[in-house]
Each structure stands twice: as C-alpha cells, then as structure tokens.
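Okay, structure first, notes after.
The values are calculated or read from the model by the stated rules, or taken from the named source; none is laboratory data. Source: prediction; values computed, not measured. Cβ placement follows ideal geometry from the backbone for every residue including glycine, while neighbour counts extend to all protein chains displayed.
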Amino acid sequence: MPTDKYPASLPPLQQQAIEWLIRLRTFELTESETREFADWLSHDLSHAHAFANAEDLFEAMTQTVQMKTAVTAPKPNSGRPDISTTVAPFRQRRPSRWLLIPLALTASWLFALNLVLPEQASLWDAYLSDYHTGTGEQRTFQLTDGSLLFLNTNTAVSVDYQDATRQIILHHGQAQFTVAGDQARPFSVSTGELQVHALGTVFEVYRKASGDIDIDVQEHAVAASLPAGGNNPKNTPVLIKQGQQLRYTHGSGILNAPETADSELTGAWRQRQVIVKNQPLAELVAEIERYRTGRIFLGSDNLSKLRVTGLFSLADPEAALTKVRKILGLKETRLGTWWVLLHH
C-alpha cells in the first residue's frame, strides 16, 4: 500500500490506517480490496488500534470544520454581502457538488452494509428471490405442489414450476428440501455449478460464500451433476444415497465420490446449533458469523488454524462467541457496534 501521501513524521502503520479510512470513506474498494482490508485489520491488534485512532482523527477534523463553518457563515439578514454572489464560477458548480452528496451517502451506506452483513448475505439475491431469510432467521415454506422448503439463515431461493419440471434455484445459503411426489414433474435444485436431481424425499444443499457446495441426503437419494466439458466431458452424474454427503469445491469441475455423513454434525443447524470436532477456529467463527450482524476477525493466522471441539448454540450468537473466547482464553476488541477482533 502506498504511504507517500502523508508526512514522514507519521508512523507507517498510522499512514496505512489513514489511507484505508480514506478509501473506505470514498467507496473505492472492490470486493477483493474489501477482503484485503479485512486481512489487514485482523493481521495484528496494533492495526485495529491504528484504524480506530484514524477514525477518531477524522471525526475530530470533521467537527472542527463544521464549527469553523458555523462561526464564519454570515447570519441571515445581517446586512453583510453574500460573498458567493460575487463568485460566478462557484455558483455554477454548486448544484453538481450538492448532487454528489446523496450519491456519496448512498455509496457509503452500501459499502457499510457490505462490511456489516454476514459474508454470504446478498441484498440483491434476497430482493429477486421468491423466498428468503434474514440474518439469524429460519423459516419453512410450503410450495404449491406440497413440497417443503426449510431455509437456514441468510438463504434465498427462487421457484420455477412448469408443466413438465419443478426447478428450484438456490441463490445462496442453506436449505432442506422435502419433496412431494410427482412422477410427471421431476424436482431439481440448481445452485452455482451444480444441478441436483431429487430421486427421493429429503435432502439438503448448502451453497457457501466461497462458492463451495455441500449436499446431504436424509431420505432416499439424489443425483448431482456438472455441465459437460472441462474436467467433466461426459457429464456423468454422481449418486448420493441416504446417509451420505458430497462436498464440491468451487471451480474444480470434479465431483468426488460421496462419503458417509455424520448426521449429528450435518443436522445441528436445524436445532440452531453448530458442532465442531477438531476443526479450525476460523471455520467455527465463520459459522457463528452467519447468525449475527457484523464481522468477526481473528488476530493472527495461527489463531485461525487453532483446532476446536465443542457444541455451540446459534440461538444467541453473541453468547456463543463469548463461550469460544472464554474456552480458548482469548481477548476481544470491539471496533464500533458490529466488528469484533479476537486476539491473545
């Protein structure tokens, strides 16, 4: 990150924090840059402190400018000449400058939402979908054919029923499908690169923020397939039977053989729980993060890789986060209302 825009007297870390703050305030970050900011912020506790100091400095400067403007602005009917009327170029540009204010506010609001909402959440998907759930919400919907959709937190689906087919599009999130029998109209779920064809009754599909897809079958079987071409020229479907699961890696173009599922682990979400068995802390935090507003950062790579075992309730994600912190002997630093940094 360039750091030559600020006086040499500023420490390099503070220069970085100020530049990140400017980029956030002006809405110049792409999705990849947003992740870069998150990595920078969680790299070390000193980064979080530097960013907080930069925000304090920005607010202080803003208040100073506002106070100065209030003092120097001529009072109504004071008899003083309106200086702006003598500067024609400024008056000509003034409407366009004011027009930028709502645009900048809207851009800042959208960017703030991007940093506050869980990583997999998508306002656009939710808006376009037929059924969706918000953060921490779980809901059951009955379709016109009698099939049931059980949607987990931050999930969006669309339904396309035709005379000869029943097509569900899982935009993002996790859903359990209980399929009503109808031999004349096959039932299938499309999500990302995968097409899942129901051959029985009950199964789950989870499309993660990374694009990876998990399929778990509780009753009967499903057939998963990829588009023909690349690593899968024959488009051969993979059969996933009751009690099995399939894990697909985004972009791999390869469907591995299904494995035996641990029903205790895979079904925990339906009881608003998460069970981890010797899994990295980063995976547990990512799961908790799906159920709360805001983001959770880990203070180091070593902390992310720390192995964790336990059962945690997702009914109260803040309590779950506190439990994790106490078990591992971690500290937390709150960055505003929604951001949390866990560290030693």
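How many of the residues making up the stretch 126-140 are without any contact (Cβ under 8 Å) to a residue 12 or more places away in the chain and either surrounded by 16 or more Cβ atoms within 10 Å (Cβ to Cβ) or assigned to a helix (DSSP H, G or I) (or both)?
Within the stretch 126-140, residues that are without any contact (Cβ under 8 Å) to a residue 12 or more places away in the chain and either surrounded by 16 or more Cβ atoms within 10 Å (Cβ to Cβ) or assigned to a helix (DSSP H, G or I) (or both) number 1.
Based on what the data block shows, is SER263 among the hydroxyl-bearing types (Ser, Thr, Tyr), in contact with a helix residue (DSSP H, G or I) (Cβ under 9 Å, 6 or more places away or on another chain) and either exposed (fewer than 15 other Cβ atoms within 10 Å of the Cβ) or over 28 Å from ASP216 (Cβ atoms) (or both)? Step through it out loud before you land on a result.
Numbers: among the hydroxyl-bearing types (Ser, Thr, Tyr): yes; in contact with a helix residue (DSSP H, G or I) (Cβ under 9 Å, 6 or more places away or on another chain): no; either exposed (fewer than 15 other Cβ atoms within 10 Å of the Cβ) or over 28 Å from ASP216 (Cβ atoms) (or both): yes.
Criteria not met by SER263.
Any chance you could count how many residues in the stretch 258-275 are out of contact with any Asp or Glu (no Cβ under 7 Å at 6 or more places or on another chain), over 16 Å from THR153 (Cβ atoms) and modelled with pLDDT of 95 or more?
So the answer is 3.
I'd like the full set of residues that are among the small types (Gly, Ala, Ser), surrounded by 16 or more Cβ atoms within 10 Å (Cβ to Cβ) and at pLDDT 75 or above, limited to the stretch 16-47. Can you show your working first?
Keep residues of the stretch 16-47 that are among the small types (Gly, Ala, Ser), which gives 17, 32, 38, 42, 46.
From what's left, surrounded by 16 or more Cβ atoms within 10 Å (Cβ to Cβ): 17, 42.
Result: ALA17, single match.
Please specify each residue of the stretch 185-223 satisfying the condition of being part of a loop (DSSP other than H, G, I, E, B), touching a residue at least 60 places away in the same chain (Cβ under 8 Å) and not hydrophobic (A, V, I, L, M, F, W, C). Please lay out each step first, then the result.
Quick first cut of the stretch 185-223, residues part of a loop (DSSP other than H, G, I, E, B) only: 185-186, 192-193, 199-201, 208-212, 218-220.
Next, only the ones that are touching a residue at least 60 places away in the same chain (Cβ under 8 Å) stay: 193, 208-209.
Within the stretch 185-223, GLU193, LYS208 qualify.
Any residue that is without any contact (Cβ under 8 Å) to a residue 40 or more places away in the chain, under 21 Å from the mean Cα position of the chain (by Cα), surrounded by fewer than 18 Cβ atoms within 10 Å (Cβ to Cβ) and within 30 Å of HIS344 (Cα to Cα) - is there at least one of those in the stretch 235-248?
No - not one qualifying residue is present in the stretch 235-248.
Restricting the search to the stretch 149-183, which residues are outside any strand (DSSP E or B), without any contact (Cβ under 8 Å) to a residue 24 or more places away in the chain and either hydrophobic (A, V, I, L, M, F, W, C) or in the same structural domain as LEU314 (by TED's automatic domain parsing) (or both)?
Result: ALA164, single match.
Residue-by-condition table, conditions (1) closer than 24 Å to THR249 by Cα; (2) exposed (fewer than 15 other Cβ atoms within 10 Å of the Cβ):
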{"position": "SER158", "(1), (2)": "yes, no"}
{"position": "GLN167", "(1), (2)": "yes, no"}
{"position": "PRO186", "(1), (2)": "no, yes"}
{"position": "VAL189", "(1), (2)": "yes, no"}
{"position": "SER210", "(1), (2)": "yes, yes"}
{"position": "ASP216", "(1), (2)": "yes, no"}
{"position": "ALA221", "(1), (2)": "yes, no"}
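Checking THR191 against (1) modelled with pLDDT of 95 or more; (2) over 20 Å from the mean Cα position of the chain (by Cα), which test does it fail?
Failing condition for THR191: (2).
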